[in-house]
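Shown next, in structure tokens, is the structure this report addresses.
The values are calculated or read from the model by the stated rules, or taken from the named source; none is laboratory data. Source: prediction; values computed, not measured. Virtual Cβ from ideal backbone geometry, glycine too; neighbours counted across all protein chains shown.
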Amino acid sequence: MDLKSLIRDIPDFPKPGIIFKDITPILKSPEAIQYCIDALAAPHMNQSIDYVVGIESRGFLFGPAIAAKLGAGFIPVRKRGKLPHRTRVVNYDLEYGSDSLEIHEDAIEANSRLLLTDDLLATGGTMKATIELVTPFSPHIVGVSLLVELAFLNGSAQLDNIPIHSLVQY
């Protein structure tokens, strides 16, 4: 499936100079959604994944479905103040500002096998922060599964040699 034809560029969003990769046309197509879920899960089908960790907010769009496909649980990583239970927090910089991410302090058991997922990897700041957030749980991070990778920004260099699977590269 030609996913690139379904991703539109939105110039100057969320700020001038940024070209936002809008995946909402993919979400309008049941065939495209199913294709993405299958393709994002496929490399990890025989890797005994315990949890798929999805990053707010677009990581939530595919994460639970990938988890279901893999027979795994889903763990949300959210922006600060959105989780109801006690949390761990990490502050980080991204390409157009700074932010914080949280995870429940009891979200992951030691030695769990994790697949991290999000819609897009740009400079790697958000995914690096997620790795920092889950590391105190002593997990085994099996890989990162992404819809879009902006490879020209070299965000993968931030990810400690964790294998990356992306469906679309720019």
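Overview of values
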item: Residue check, residue 123 in a strand (DSSP E or B), of a type in the set (S, T, N, Q) and surrounded by 14 or more Cβ atoms within 10 Å (Cβ to Cβ); result: no
item: Some residue of segment 43-50 being over 20 Å from residue 7 (Cα atoms) and part of a helix (DSSP H, G or I); result: yes
item: Members of segment 125-152 that are closer than 10 Å to residue 164 by Cβ and either without any contact (Cβ under 8 Å) to a residue 40 or more places away in the chain or touching a Ser or Thr at 6+ places or on another chain (Cβ under 6 Å) (or both); result: 144, 145, 146, 149, 151
item: Hey, residue 75 touching a helix residue (DSSP H, G or I) at 6+ places or on another chain (Cβ under 8 Å), at pLDDT 95 or above and either within 30 Å of residue 13 (Cα to Cα) or of a type outside the set (Lys, Arg) (or both) or not; result: no
item: Matching residues in segment 88-106 - criterion: being closer than 13 Å to residue 76 by Cα and in contact with a helix residue (DSSP H, G or I) (Cβ under 7 Å, 6 or more places away or on another chain); result: 88, 101, 103
item: Exclusive hit being in a loop (DSSP other than H, G, I, E, B) and either of a type outside the set (A, V, I, L, M, F, W, C) or without any contact (Cβ under 8 Å) to a residue 60 or more places away in the chain (or both), set 99, 106; result: 106
